[in-house]
1. If a residue must be surrounded by 17 or more Cβ atoms within 10 Å (Cβ to Cβ) and of a type in the set (Phe, Trp, Tyr), how many such residues does the stretch 87-123 contain?
2. Can you find a residue that is within 30 Å of Lys312 (Cα to Cα) and either open to solvent by 40 Å² or more (accessible area, probe 1.4 Å) or not aromatic (Phe, Trp, Tyr) (or both) anywhere in the stretch 247-260?
3. Suppose we filter the stretch 154-202 for residues that are more than 20 Å from the chain's Cα centre (by Cα) and either farther than 25 Å from Thr233 by Cβ or among the charged types (D, E, K, R) (or both); how many remain?
4. Could you tell me which of the residues Glu216, Glu207, Glu243 is surrounded by 15 or more Cβ atoms within 10 Å (Cβ to Cβ) and outside any loop (DSSP other than H, G, I, E, B)?
5. Can you tell me which residue is nearest to Glu223 (Cα to Cα) among those in the stretch 116-142 that are in contact with a Phe, Trp or Tyr (Cβ under 9 Å, 6 or more places away or on another chain), in a helix (DSSP H, G or I) and not basic (Lys, Arg)?
6. State all residues of the stretch 59-86 that are closer than 15 Å to Glu311 by Cα and either surrounded by fewer than 21 Cβ atoms within 10 Å (Cβ to Cβ) or free of Cβ contacts under 8 Å to residues at least 12 places away in the same chain (or both); if no residue qualifies, say none.
7. Can you name the condition, by its number, that Val310 falls short on among (1) under 14 Å from the mean Cα position of the chain (by Cα); (2) open to solvent by 30 Å² or more (accessible area, probe 1.4 Å); (3) β-branched (Val, Ile, Thr)?
8. When you check Leu86 against the structure, is it in a loop (DSSP other than H, G, I, E, B), in contact with a helix residue (DSSP H, G or I) (Cβ under 9 Å, 6 or more places away or on another chain) and at negative phi, yes or no?
Amino acid sequence: MVINMLNRQTVVEYLRSLSQDEIAGLLLAANVIPHGDGAEQTTSERIPCPHCGSHNINLYGFKCGKQRYLCKSCGKTYVPTTGTILSMSHFGMDVWQDFLRQTLEGDSLSYAEKTLGLTHQTAFNMRHKLLMALEDFFGESPVVLGDVTEFDETFVLDSYKGKPIPETAGRPSRRHGAKAQKRGISNEYVCICTGVQRKGEVIIHTENRAKPSCEELQAIFEEHIQSGTLALTDGLRSYSVLETLADCKVEDVNGQKSGFYNLNTVNNLHSFIKGRYIFYRGVATKYLNRYNALFQIAYRSIESKIALLVEKLFRPRCTINIHTVKDIATHNLLAV
């Protein structure tokens, strides 16, 4: 009894030391752990069918050590990780959750290999599965900018990282850290368009190499701006299209005397993007929008977003797109 009481006290003290996000992650992890022989699970504890969403299910043995279910509505079987990013993975939720945190914090693949016991190829595949899932997340839950929002663009060097440079690039290959051959903005750079609401949401996306046109800005920000938004820009004429996308006012900050009219927030976002870009030693341009999705969610308050992402990515849902390793080389690549 003394030992049991001590163990209970230790557990209680440990739980009290956890943050709300860590407790939420712990509860979610418990949902994908097999419950003994499965006979102890009540109907409410059983995971609904990720194929059709039905709760009319039966226990159906085990598969790879996980409780298996049979849906009586659609006739399909599944396990707790079906319909999640953990599907077809050899690693459990604890590894994926640590990897998610490391990805958001900007840690390298080499660090994940050392701390989580992954091979380089496995870490690469896991990262891109996460990045593609983040793109899908923003597709399902679009960001809407409002109040006072700053718009501007930044440029990063193009990169053919991971493969020989094609002849159409018109330049020789560069070493890591090398600069562009031409001065100023040239076709060696890729444009990243950004919109950031002060103390609010962020949108980061790439459409082309040059400064954005009205059509490109419309493709990026259409239906992502609230009515009544004050849009602060650097005077690029293309941003006038924002007034047609919503009932908002576009203000050129150049020459403004008031300290309120500035682009400090979006410039800080650009510094964040370039800092990550330099740390990664460049990002293959074809994958840039995947990383833009990562920059978009990692820019502010990572802790408050981890629990949300765990809920969205690690819980079975019939709407999630499960990307395979083959999708990494083909899914939604950027062509500029």
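1. 2
2. Keep residues of the stretch 247-260 that are within 30 Å of Lys312 (Cα to Cα), which gives none.
No, there is no match, as no residue in the stretch 247-260 is within 30 Å of Lys312 (Cα to Cα) and either open to solvent by 40 Å² or more (accessible area, probe 1.4 Å) or not aromatic (Phe, Trp, Tyr) (or both).
3. 28
4. On the way: Glu207 fails: outside any loop (DSSP other than H, G, I, E, B); Glu243 fails: surrounded by 15 or more Cβ atoms within 10 Å (Cβ to Cβ).
Among Glu216, Glu207, Glu243, only Glu216 is surrounded by 15 or more Cβ atoms within 10 Å (Cβ to Cβ) and outside any loop (DSSP other than H, G, I, E, B).
5. Leu131
6. Here is the first cut: in the stretch 59-86, the residues closer than 15 Å to Glu311 by Cα are 80-86.
Answer for the stretch 59-86, where residues must be closer than 15 Å to Glu311 by Cα and either surrounded by fewer than 21 Cβ atoms within 10 Å (Cβ to Cβ) or free of Cβ contacts under 8 Å to residues at least 12 places away in the same chain (or both): there is none.
7. All conditions are met except number (2).
8. Numbers: in a loop (DSSP other than H, G, I, E, B): yes; in contact with a helix residue (DSSP H, G or I) (Cβ under 9 Å, 6 or more places away or on another chain): yes; at negative phi: yes.
Yes: the conditions hold for Leu86.
The values are calculated or read from the model by the stated rules, or taken from the named source; none is laboratory data. Remember, it's a predicted structure, so these values are computed and weren't measured experimentally. Glycine gets a Cβ as well: all are built from the backbone with ideal geometry, and neighbour counts include every protein chain shown. In case anyone asks, the SASA skips ligands and DNA or RNA and just uses the protein heavy atoms, side chains included. Shrake-Rupley method; radii C 1.70, N 1.55, O 1.52, S 1.80 Å.
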